[in-house]
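Chemist: What follows is a structure written as structure tokens; I'll ask about it next.
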Amino acid sequence: MPKKTYDRAASRAAREEKTKALLQQLDEGARAIWSSDKFRDYLKMMCKFHHYSYRNVLLIHMQCPHATHVAGYNSWIDNFHRHVKAGEKGIQILGYTPYNREISKAVLNANGKPMQDKDGKDITETSVIKVPAYKPVYVYDVSQTEGEPLPELITPLQGDAVPNYPELFAALAELAPYPITLENISGSANGYCDHGEKKIVVQEGMSQAMTLKTTVHEVAHAREHDPANFPDGERPPRETLEVEAESIAFLVCEYLGIDTSDYSFGYVGAWSSDKDLPELHEALSHIQKAANEIMDKLDETLELIQEREAAAPVAGEEVKNVPSVLDNICTKATAQAAKENTAKAAAIPAPEIEKERE
């Protein structure tokens with residue numbers, strides 16, 4: 001029986017038609033987040049967290065860059081039914097600790113002059129004033145605690161049976177402008193794209209579905225949001241960048257047969273400035289173009305997979321020990337991409353910009 005051939009043109013036409021429907025699905029799903037019970041529970045939780053001053057936010061970031069949800073020792077116990085893990089070091093900030101002080105002041109008459117008693121002494125009255133003061137206090141990030149889970153808008157993806165997972169990951173490594181590594185990232189981030197150091201890091205140990213989705217998200221940041229792409233300095237706000245990257249990841253993963261709606265709907269909804277999702281609507285054409293470019297590269301990989309299958313020996317034939325083109329890509333892609341892309345990126349001045357974390 002002859003093997004099927006892969007029709008890239010037909011695949012692209014069908015994909016573009018499906019992309020329109022998927023973007024509508026993403027829009028509806030992200031909008032629904034704003035009126036869901038999950039969102040209400042999330043807001044109730046967020047109201048319990050203290051709103052820190054800009055000065056304290058800087059102190060927290062300097063000591064614990066990956067911090068997401070921060071509270072005091074007793075607050076974790078009383079409000080969230082969690083406790084700080086043994087051996088954790090607190091994050092020192094300036095706590096507002098005003099104190100009361102009694103002061104005496106002269107009692108004034110109708111003319112604004114001090115009143116006096118029969119002995120000619122000024123009549124005074126005592127009042128209590130609150131004196132502003134600060135002292136060092138300690139808070140802890142959620143990653144330093146354990147106990148009841150916090151309400152979340154986003155559900156991590158499960159699934160370790162993604163077809164052709166090694167080949168797809170290798171293809172993503174080839175099209176990424178920065179080298180990709182799997183590492184143990186401190187804190188709660190699943191990955192980040194560092195434009196300053198020109199690298200992509202993805203959290204190791206996640207499911208195959210979560211790893212691929214996160215990789216596509218960070219590759220989208222690297223390809224589309226490099227500060228060098230905005231020579232006038234008018235880089236879009238962080239909300240727009242995150243909505244774009246996750247929308248691209250949603251489209252690409254759906255194309256691969258990975259349903260990321262449990263994660264992507266909440267992510268896009270959470271990063272949107274309001275329930276009308278302006279960041280998504282303003283970037284639709286850019287999202288489609290960027291997603292299609294990534295899909296085209298993955299299509300090339302699927303063609304190579306078919307070449308390998310077509311070259312497989314039939315039953316009874318001697319197996320020749322000849323590595324396929326795809327095998328070479330899978331074993332060398334990450335190293336080669338790291339070498340080429342590092343040289344390519346070295347020509348771009350390293351900008352002073354915060355890492356884009358998912």
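What follows is calculated from the coordinates using simple rules that are stated; it is not laboratory data. Keep in mind that what you see is a predicted model, and the values were worked out from it rather than measured. As a convention, Cβ positions derive from the backbone with ideal geometry for all residues, glycine included, and neighbour counts pool all protein chains shown.
Chemist: Search the structure for amide H atoms under 5 Å from the amide H of HIS69, placed 1.01 Å from N in the peptide plane, and list their residues when 5 or more places away or on another chain.
Modeler: Placed amide hydrogens put VAL142, SER143 under 5 Å from HIS69.
Chemist: Which of the peptides 58-68, 234-244, 211-221, 106-116 is most tightly packed, and how do the rest follow, judged by the mean count of other Cβ atoms within 10 Å per residue? Write down the numbers at each step before the final one.
Modeler: On the way: 58-68: 15.1, 234-244: 17.5, 211-221: 26.4, 106-116: 10.2.
In descending order of packing, they fall as 211-221, 234-244, 58-68, 106-116.
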